[in-house]
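Have a look at the structure below before the remarks.
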Amino acid sequence: MTNACLFSGGKDSTLALHKAVALGAEIDLLITMRSANRESYMFHYPNVDMTKMQAEALGTRHVFADTEGKKEEELGDLEKALVDNDVKLLVTGATYSRYQADRINEITSRLGIEHIAPLWHIDPLDELNELASRYNVILTSVSAEGLETSLLGERIDSGMIEHLKVANRKHGINMLFEGGEAETFVLDAPLFKKSITVESSRIEVSGTNGIFYIEKAKLTAK
């Protein structure tokens with residue numbers, strides 16, 4: 001039986017992992033859903049292949065589970081991954097999305113898996129301030145008015161938080177990006193034994209939307 005974290009490599013799943021460990025959970029496995037569809041309703045898209053390096057930095061076993069990313073059908077792929085890995089406890093980074101939380105709760109309930117969501121209804125500024133002070137998190141996609149493509153690859157810090165506050169007031173974006181406004185990637189975190197340094201990258205822009213792709217990275221001693 002396995003204690004797992006549904007791990008995208010982004011800010012929410014990484015922070016949820018840390019909070020679960022702080023509460024006493026022993027996480028044996030990181031499961032990354034690798035979607036072929038960048039518009040997946042459930043799963044992260046940019047740079048998921050790099051989660052293998054994050055797992056190495058954490059010193060935690062890691063597996064990929066591939067999915068076509070088709071709405072609702074992708075839930076079957078998640079369920080298969082949980083069954084295949086004999087998961088008894090699952091940590092997720094759910095914050096406010098009922099769409100995601102309800103579907104994960106339905107699957108875990110049916111399979112008899114305990115679901116822990118340490119960030120559920122967290123105050124957005126509390127999360128962002130914690131990330132800015134203790135983590136190195138960069139934006140890897142933007143797709144909302146008020147989030148310029150110039151932000152791609154930039155770190156969530158105090159300046160970024162002020163920018164998000166303005167975008168929230170003017171354009172109504174969710175500052176935790178629950179509406180898909182942006183995606184993130186964690187380069188360093190308290191439990192990382194090494195940090196990740198991006199050596200090369202490229203940015204793909206389409207209109208006001210953009211994605212920051214990490215092409216090459218390395219683990220660096222802390």
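Some points to look at:
- Scanning the range 103-135 for residues that are in the same structural domain as ASN168 (by TED's automatic domain parsing) and among the basic types (Lys, Arg) yields a total of 1.
- Hits in the range 165-203 (condition: among the acidic types (Asp, Glu) and farther than 20 Å from SER8 by Cα): GLU199
- Which numbered condition VAL83 fails, given (1) touching a residue at least 40 places away in the same chain (Cβ under 8 Å); (2) part of a helix (DSSP H, G or I); (3) hydrophobic (A, V, I, L, M, F, W, C); (4) out of contact with any strand residue (DSSP E or B) (no Cβ under 7 Å at 6 or more places or on another chain): (1)
- Criterion: free of Cβ contacts under 8 Å to residues at least 24 places away in the same chain, over 14 Å from the mean Cα position of the chain (by Cα) and outside any strand (DSSP E or B) - qualifying residue of ASN129, ASN168, ASN174: ASN168
- Filter pass, LEU152 being at pLDDT 95 or above, surrounded by 15 or more Cβ atoms within 10 Å (Cβ to Cβ) and under 23 Å from ALA22 (Cβ atoms): no
The values are calculated or read from the model by the stated rules, or taken from the named source; none is laboratory data. If you're wondering where the values come from, they're calculated on a predicted model, not measured in any experiment. Don't worry about glycine lacking a Cβ; one is built from the backbone with ideal geometry, like all the others, and counts go over all protein chains shown.
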